[in-house]
Amino acid sequence: KKERTLAMIKPDGVTKIGDIFELINTANLIVTKAKMIKLTWSQAADFYMEHQSKPFFNNLVQFMSSGPVVAMELMGDEAISIWRRLLGPTDSAVARREAQESVRAQFGTDGIKNVAHGSDSVAAHSFTHFLICFSTPYPLEFFFP
Ligand code: CMP
C-alpha cells in the first residue's frame, strides 16, 4: 500500500543528511517534500504535544528548537513502517545493539539525540506534524486515498 509519512531530520542529524538520503533511496522511498526550518520552542512543543507529560519533554523541546531541522515527506510502499524500521529503536545505544545498520545506530548519540523522527501512524498527530512543518493543511487524500 502506497503511503506518505513525515520524516524529520533532527538538529544532530542535519550534517549527516547525505548518508540519510542514501539510506532512504536504498529503501525505495521517495522524498516528495523537503524543507529546512528552525522550529520555535512553541512549535517544537506542539509537534511533541503527545509527550507533554513525559519527564524528557522539556529537554526534547529544547533540543528540537536548538538548531535547524529538515522536514520531509517520504512516499512509497509501507512508507510509515519502512522509515521507522530504517530509523531503528528510539535509544541510539539500543539501536547499536539491536539494529546495527539503522540510522540511529550509525549516527545517533542517545535517547534524545537520535538523528531523526518518523510519524508512527496515519493519525491526527501526523496531520499536526505536516501542518507545523509545511504550514499548509495537508490534502485530505492523505487520509482518504
Ligand atoms: P521521536 O521518534 O522523535 O519521538 C519522541 C522523541 O522523544 C524520541 O524520538 C526521542 O527523541 C525522545 N525520547 C523518547 N523517549 C525518551 C527517553 N526515555 N529519554 C529521552 N528522550 C526520549
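The values are calculated or read from the model by the stated rules, or taken from the named source; none is laboratory data. Bear in mind the structure is a predicted one, so any value in this text is a computation, not a measurement. Virtual Cβ from ideal backbone geometry, glycine too; neighbours counted across all protein chains shown.
Brief remarks on what is shown
- Filtered by the rule that a residue be in contact with a Gly (Cβ under 7 Å, 6 or more places away or on another chain) and more than 16 Å from the ligand (Cβ to nearest atom), segment 4-30 gives Asn28, Leu29, Ile30.
- Any hit, segment 64-80, residues being modelled with pLDDT of 95 or more, part of a loop (DSSP other than H, G, I, E, B) and buried (at least 17 other Cβ atoms within 10 Å of the Cβ): yes
- Residue pairs whose Cβ atoms lie under 8 Å apart, separated by 6 or more positions or on different chains, with the first residue in segment 45-74 and without any contact (Cβ under 8 Å) to a residue 40 or more places away in the chain and the second of a type in the set (D, E, K, R) and away from the ligand (no atom under 12 Å from the Cβ), are Ser65/Lys38.
- All positions within segment 90-108 that are over 19 Å from Glu22 (Cα atoms) and within 10 Å of the ligand (Cβ to nearest atom): Thr90, Asp91, Ser92
- Count of segment 109-131 residues which are away from the ligand (no atom under 11 Å from the Cβ) and either among the basic types (Lys, Arg) or part of a helix (DSSP H, G or I) (or both): 6
- First in segment 90-117 and in contact (Cβ under 8 Å) with a residue 60 or more places away in the chain, second anywhere and in a strand (DSSP E or B) and among the β-branched types (Val, Ile, Thr), Cβ under 8 Å, 6 or more apart: Val115/Ile9; Ala116/Ile9
- Enumeration of residues in segment 31-50 that are within 11 Å of the ligand (Cβ to nearest atom), within 20 Å of Asp12 (Cα to Cα) and assigned to a helix (DSSP H, G or I): Ala44, Phe47
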